[in-house]
1. Just checking, which of Gly93, Gly72, Gly58 is modelled with pLDDT of 95 or more and within 15 Å of Ser219 (Cα to Cα)?
2. Specify which of the listed residues (Ser233, Ser219, Ser223, Ser194) is of a type in the set (S, T, N, Q) and either more than 21 Å from Ala153 (Cβ to Cβ) or in contact with a Pro (Cβ under 6 Å, 6 or more places away or on another chain) (or both).
3. Looking at the structure I just gave you, is Ala90 in contact (Cβ under 8 Å) with a residue 12 or more places away in the chain, more than 13 Å from the chain's Cα centre (by Cα) and surrounded by 24 or more Cβ atoms within 10 Å (Cβ to Cβ)?
4. Taking the range 349-374 only, how many residues are part of a helix (DSSP H, G or I) and touching a His at 6+ places or on another chain (Cβ under 6 Å)?
5. In the range 322-332, which residues are open to solvent by 10 Å² or more (accessible area, probe 1.4 Å) and assigned to a helix (DSSP H, G or I)?
6. Of the numbered conditions (1) of a type in the set (S, T, N, Q); (2) more than 22 Å from Leu110 (Cβ to Cβ); (3) without any contact (Cβ under 8 Å) to a residue 40 or more places away in the chain, Asn228 fails exactly one; give the number of that condition.
7. Determine the pairs where a residue that is more than 19 Å from Leu63 (Cβ to Cβ), located within the range 107-120, has a partner that is among the hydroxyl-bearing types (Ser, Thr, Tyr) with Cβ atoms under 8 Å apart, the partner being 6 or more residues away or on another chain.
8. When residues of the range 281-302 are filtered for being within 32 Å of the chain's Cα centre (by Cα) and open to solvent by less than 80 Å² (accessible area, probe 1.4 Å), how many remain?
Amino acid sequence: MCEGPAGRLEKNVIFELTGDQEAIRDMVRDFSQNEIAPHAAAWDEDQHFPREIFTKLGELGMLGVVIPEEYGGAGLGYVEYVTILEEIGAADGGVGLGVAAHNSLCTNHLYLFGSDALKREYLPKLATGEWIGAWGLTEAGAGSDAGGTKTAAVLEGDEWVLNGSKNFITHATVGDAAVVMARTSKTGGHHGISAFFVPFDRPGVTPGKKENKLGMRCSDTSSLVLENCRIPSTYLLGEEGDGFVQTMKVLDGGRISIAALSLGIGRGALDATIEYAAVREQFGKPISSFQLIRGKLADMATELDAARLLTLRSAALKDQGATTTRESSMAKLYASEVAVRIGEEAVQIHGGYGYTKDYPVERFWRDAKLCTIGEGTSEIQRMVIAREVLRQARGE
């Protein structure tokens with residue numbers, strides 16, 4: 001044990017990958033570079049969701065990474081999970097975002113809080129990639145303030161009836177089911193929100209407007225509309241009124257996944273820039289020989305490694321069963337902002353070419369920005385970190 005910031009005792013964490021973890025990393029890297037990277041620019045341009053890639057990822061166990069094998073998952077830990085996401089993100093941020101949302105949000109929420117019967121019926125579909133999952137929290141008036149949720153669920157006999165709409169939902173158009181947060185009580189604030197599992201084959205659930213986005217363009221993002229959507233009463237996840245508390249627990253793991261995705265995007269931009277700087281010549285020599293360029297590359301590589309250490313720490317603590325609210329938010333905040341900085345420097349080093357679609361760095365730059373917004377903005381992460389640091393200082 002060692003004493004951490006604000007006097008917190010933490011378990012020792014070791015960041016060296018095991019042989020098995022390295023084998024998983026190498027397998028995913030080969031798949032990503034051969035099956036995803038060559039198509040990333042075209043998918044981005046066409047806003048094409050590559051369903052066939054998700055089918056293959058499901059066959060490889062990448063859509064149920066932390067789900068036990070008894071439910072069709074790979075039964076791996078968060079260290080393996082962040083390693084997988086970095087490799088996918090280095091090839092295509094949009095595919096990485098889809099894998100993260102499917103794993104961390106929809107599938108993991110069902111695993112953590114669904115009844116045994118519900119998990120046995122639906123987790124194998126999600127974990128194997130037969131189904132693609134979505135997660136519905138955000139609304140037009142409830143972004144950072146999840147307590148502003150207006151979508152309502154009313155119990156009628158043995159069915160819940162849901163009405164409302166959700167915004168910016170990954171996989172709303174292409175998915176097969178979602179975990180949806182809805183208000184089951186007009187009073188109680190956050191404690192009046194409950195979570196439900198909603199298969200998309202139920203009458204009354206339809207996708208709405210598909211967003212035309214700056215980045216992550218191959219990732220499907222749409223609104224989700226619920227009009228008198230009826231689901232069995234047993235599709236309530238956990239206890240009535242616990243939806244917000246569940247959401248906060250799910251996001252602790254989800255923010256680790258966005259940190260890992262940020263790592264991948266940042267690494268993809270850095271790798272492309274190192275390669276470019278070695279062959280691009282000015283004044284009769286490669287620009288990688290210029291001191292200013294070397295200084296930029298050094299800063300990019302150092303920040304990326306620092307972000308990786310924060311991300312691996314949060315993943316390792318998560319695997320140990322620790323509460324990682326502070327560590328997850330730190331990793332997500334730092335890694336996402338680092339990815340944006342690396343993307344911007346990558347474009348700058350490429351010069352005019354970096355501003356064209358002939359080189360991948362402009363896409364990495366665009367993709368990186370979402371990581372500072374989704375699953376809690378950078379501003380929200382700073383609020384969470386400050387709250388946790390002050391709480392620990394008080395010995396709570």
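The values are calculated or read from the model by the stated rules, or taken from the named source; none is laboratory data. Worth saying up front: this structure is predicted, and the values here are computed from it rather than measured. As a convention, Cβ positions derive from the backbone with ideal geometry for all residues, glycine included, and neighbour counts pool all protein chains shown. Accessible surface areas use protein heavy atoms only, side chains included; no ligands, DNA or RNA. Shrake-Rupley method; radii C 1.70, N 1.55, O 1.52, S 1.80 Å.
1. Details: Gly72 fails: within 15 Å of Ser219 (Cα to Cα); Gly58 fails: within 15 Å of Ser219 (Cα to Cα).
Of Gly93, Gly72, Gly58, the one residue that is modelled with pLDDT of 95 or more and within 15 Å of Ser219 (Cα to Cα) is Gly93.
2. On the way: Ser233 fails: either more than 21 Å from Ala153 (Cβ to Cβ) or in contact with a Pro (Cβ under 6 Å, 6 or more places away or on another chain) (or both); Ser223 fails: either more than 21 Å from Ala153 (Cβ to Cβ) or in contact with a Pro (Cβ under 6 Å, 6 or more places away or on another chain) (or both); Ser194 fails: either more than 21 Å from Ala153 (Cβ to Cβ) or in contact with a Pro (Cβ under 6 Å, 6 or more places away or on another chain) (or both).
Every option except Ser219 fails the conditions.
3. Numbers: in contact (Cβ under 8 Å) with a residue 12 or more places away in the chain: yes; more than 13 Å from the chain's Cα centre (by Cα): yes; surrounded by 24 or more Cβ atoms within 10 Å (Cβ to Cβ): yes.
It is true that Ala90 is in contact (Cβ under 8 Å) with a residue 12 or more places away in the chain, more than 13 Å from the chain's Cα centre (by Cα) and surrounded by 24 or more Cβ atoms within 10 Å (Cβ to Cβ).
4. Residues in the range 349-374 being part of a helix (DSSP H, G or I) and touching a His at 6+ places or on another chain (Cβ under 6 Å): 1 in total.
5. Thr325, Met330
6. So Asn228 meets the others, but not (3).
7. Pairs found: Ser115/Thr234; Ala117/Thr234.
8. We begin by selecting, within the range 281-302, every residue within 32 Å of the chain's Cα centre (by Cα); these are 293-302.
In the following step, the residues that additionally are open to solvent by less than 80 Å² (accessible area, probe 1.4 Å) were identified as 293, 295-298, 300-301.
Of the residues in the range 281-302, 7 are within 32 Å of the chain's Cα centre (by Cα) and open to solvent by less than 80 Å² (accessible area, probe 1.4 Å).
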